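Here is the structure we will look at, set down as structure tokens.
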Amino acid sequence: MSKSLFPFSSLPLCTAWGVILLLGNLSPLRADNQNLLLGNPSRAVPAPQLVPDLPQPVAPAIPVAPLIPLDLNNLLVERPAFSLGYDQSLGTAKWVSWHLAQSDRGRSGRSEDFYSDPLLPAAAQIQPNDYRGSGYDRGHVCPSGDRTADKELNAQTFLMSNMLPQTPDLNRQLWRKFEEYLRTQLKSGQNELYIVAGGEGTLERIADGKVNVPTSCWKVAVILPSGEGDLKRIDGNTRVVSVVMPNQSGAEISRGKWSDYLTSVDKIEELTKLDLLSNLPLEVQAALESRIDTGRASTTKGEQADGGEQTNG
Amino acid sequence: MADLPGQHVLEVLRQASEGLLFRSETDAPIEPFFWPDAAPVAPSAELVASHAKAEVKAVKTRSLTTFFRPTITEQEWHNAQEKAEVKRFQILRETVKSSLKAAKVFRVGKVEVEVYVVGQVMDGYAGFKTRVVET
């Protein structure tokens, strides 16, 4: 961080920085490959100090009132690995959003170190042991496998704010198979993906009521050829694969195909009340959001249906 | 280090692991075992494969340090229960080091992985088994 950016400690300039930081996060004019490029699904707002990869303002001599009220049930937390909208009343994120490219895949290994999110207020933090004995797995929303090029980014996927309580059958089988399928769609770097996912509904609550167990888990993946100017390149022909999977146990889940759970962005928006892909032009959203994917990439050479077990790409 | 009898090591490991759960995407119990053998050598993938009823190629090794690291590292956000568990895992690790010869970690399978921490004792092999889930 350049020291020359912050040679000041006066109040008006700190306020100005506060405004710039907040607006920077709410602005749709984001650079390519940003985790939140396609939109902020709940218009979640960051706490001014919770922006780790932007320079922090010098602490003002007089406290500055927040320009937008902090809402702990819709808190934007952004990191290099992913961005998420956190809901303290659920003890989970409402959505997690990330970009996936071939360069995100490598040999960094898995962290295995689950930890509570230091960027959340202490009262909102969920601990790894909050899931213990619940019967649910700590299910990654942004998968560890989507962040294997860099140890630090992989470590971030083990934040408890990136977890949903998922049944073993969902976490270990059906949800995992779709994660692996999406990585095969990178096609060694031919494609890049924008993914947003989360849970919906209340099956029950665990950890003395602190953590909401969703009735279903959903995911939307936009798959486009690698390139630049992504917001402009996504059009009515871009492939969008959306699924919603029940957070249940049983053979339908443990032996099911992800392609049996295809749905549309519209249906997920209806279910979750989120506004997905909101940074795309309205006519592109209209073209993409009612569509249900066929379950296979529509490339020329007659690919087999992809709904079953896949090898990692 | 003199080799200890397997039955004794089994008891020691049971005490050290009583009530401990190994954390991954799930939480799994730690199950000490003793495999009697008249002429034990350093444990191998073949040994574990036969006990796990798995193919040798499904068995991978990992270092003890890597295996134990998340469990024995105290974090600033730990509460009293977690701090106590860290201490217990430190004791378990020390117990493994002092009771077992040539101890190694073997992992069998993928996604639902059986983990064997096993070493040589006077009259066979001993250690403990647990499970991790990695998706």
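The values are calculated or read from the model by the stated rules, or taken from the named source; none is laboratory data. The structure displayed is predicted, hence computed values, not measured ones. Note: ideal-geometry Cβ built from the backbone for every residue, glycine included; neighbour counts use all protein chains shown. Ligands, DNA and RNA are stripped out before the accessible areas are found, and what is left, the full protein with its side chains, is counted by its heavy atoms. Shrake-Rupley method; radii C 1.70, N 1.55, O 1.52, S 1.80 Å.
Just a few scattered comments:
- Inverse of mean 1/r across different Cα pairs in the protein assembly as shown, Kirkwood, Å: 23.9
- Couplings 3J(HN,Hα) for the stretch A:292-298, derived from phi with the Karplus relation 6.51 cos²θ - 1.76 cosθ + 1.60 (θ = phi - 60°), are 10, 4, 7, x, 8, 5, 8 Hz, where x marks Gly and Pro.
- Area buried, chain B against chain A - accessible surface, total, 1.4 angstrom probe, square angstrom: 1900
- Whole-percent carbon and sulfur share, accessible surface of the protein assembly as shown, 1.4 Å: 54
- Rg over Rh for the stretch B:39-135 works out to 1.01, using Cα positions for both radii and the Kirkwood form for Rh.
- Residues of the stretch B:55-78 that lose at least 40 Å² of accessible area (1.4 Å probe, protein heavy atoms only) when the other protein chains are present, relative to their chain alone, are B:Pro70, B:Trp77.
- Size of charge dipole - the protein assembly as shown - debye, nearest 20, with Cβ of Lys, Arg +1 and Asp, Glu -1, no other charges: 780
- Ignoring aspartates and glutamates fewer than eight residues from A:Lys151 along the same chain, the ones with Cα atoms less than 18 angstrom from its Cα are A:Asp53, A:Glu78, A:Asp104, A:Glu112, A:Asp113, A:Asp117, B:Glu134.
- Each Cα pair under 8 Å and six or more residues apart adds its separation to the average, and for the stretch A:71-152 the resulting relative contact order is 28 percent.
- Exposure ranking of A:Lys151, A:Lys210, A:Lys232 by accessible area [1.4 Å probe, largest first]: A:Lys232, A:Lys151, A:Lys210
- Top positive-direction residue, dipole computed over the protein assembly as shown with Cβ charges, set A:Met245, A:Ser298, A:Gly201: A:Ser298
- B:His8 exposes around 90 Å² of accessible area when a 1.4 Å probe is run over every protein chain in place.
- In the stretch A:162-184, the residues that give up 50 Å² or more of accessible area when the other protein chains are added, compared with the chain on its own (1.4 Å probe), are A:Arg172.
- By the rule of a C-alpha distance below 18 Å, with chain neighbours fewer than 8 residues away ignored, the aspartates and glutamates paired with A:Lys232 are A:Asp32, A:Glu192, A:Glu283, A:Glu289.
- Taking all protein chains together and a 1.4 Å probe, the residues B:Glu25, A:Glu283, B:Glu11 rank A:Glu283, B:Glu11, B:Glu25 from largest to smallest accessible area.
- Eligible lysines near A:Lys219 by straight Cα distance, threshold 21 Å, same-chain separation 8 or greater: A:Lys94, A:Lys177, A:Lys187, A:Lys257, A:Lys267, A:Lys273
- Remark: the protein assembly as shown carries 45 Å² of accessible area per residue (probe radius 1.4 Å; ligands, DNA and RNA excluded).
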